Amino acid sequence: MLRGIDPLITPDLLGTLARLGHGDRIAVVDRNFPAYQTVGTVHEITGADTVEVLRAVCSLVPIDSFQDPAVWQMVSDGAAEPGPAGAEVESVLAEVPEGPFRLGRLERTDFYEQARGAAAAVRTADDRPYACFLLATGVL
């Protein structure tokens, strides 16, 4: 039993987050994302949406302040606006200690390609399309 860790963070996910180093990427994705096909390690969080899980992850892991952007959202090909969870994630990014951070955008196929290099994916119960984010970890 640990104090101060969001209950959405499972023991396996906690271990993955603890092993991340500077510049490693983690994908926090919606339930439609092909996580098992794209990323080697997948953690399932079935009781929360992407924004809730991203907030829990950001409470433990620093975001890379050397990259701009250090957080990217998947967007529909050719979309000028962020997806449905984008505004909520921007408010989460404004609250992290290293922030605020600019939310970058990656078209769907580019997001898939970048996610292939992620250390892990956290697949949520979010059913909103394009509620997928990739973040680069920083240093303490």
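Readers should treat all values here as calculations from the given coordinates under stated rules, not as data from a laboratory. For clarity, every value in this text was computed on a predicted model and none was experimentally measured. Cβ placement follows ideal geometry from the backbone for every residue including glycine, while neighbour counts extend to all protein chains displayed.
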Simple label model, 7 Å out from Cα along Cβ direction - Ala87 to Gln67, nm: 2.7
Under 5 Å, built H, 5+ apart or other chain: amide partners of Cys132: Asp30, Met74
Size of charge dipole - the chain - debye, nearest 20, with Cβ of Lys, Arg +1 and Asp, Glu -1, no other charges: 320
Cα-projected label distance for Leu14 with Arg108, points at 7 Å along beta-carbon direction, nm: 3.7
³J(HN,Hα) computed for each position of segment 126-137 - Karplus, 6.51 cos²θ - 1.76 cosθ + 1.60, integer Hz, glycine/proline x: 4, 9, 6, x, 6, 8, 10, 9, 10, 10, 9, 7
Interchain or long-range residues, amide H under 5 Å from His43's placed H: Ala121, Val122, Arg123
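Can you give me the relative contact order of the chain as a percent, contacts being Cα pairs under 8 Å and 6 or more apart? All intermediate terms of the calculation are to be shown ahead of the outcome.
Details: 279 pairs, mean separation 63.8, N = 140.
Contact order relative to length: 46 percent.
Work out, step by step, the length gained on full extension between Arg128 and Ala79: first 0.36 nm times the residue separation, then minus their alpha carbon distance; give nm to one decimal.
Residue separation times 0.36 nm, minus the Cα-Cα distance, leaves 16.1 nm.
In a shell of Cβ-Cβ distance under 14 Å around Arg25, excluding Arg25 itself, what net charge do Lys and Arg (+1) and Asp and Glu (-1) give?
Working: positive: Arg19, Arg116; negative: Asp24, Asp64, Asp110, Glu113.
Result for the neighbourhood of Arg25: -2.
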Positive dipole terminus of segment 20-131, leading residue within Gly83, Gln37, Pro69 (C-beta point charges): Gln37
Relative intensity, log₁₀ I(q)/I(0), of segment 1-111 from a Debye sum that treats every alpha carbon as a point, q = 0.10, 0.22, 0.23 Å⁻¹: -0.29, -1.56, -1.69
DSSP bridge pairs, the chain: antiparallel proportion in percent, nearest 5: 40
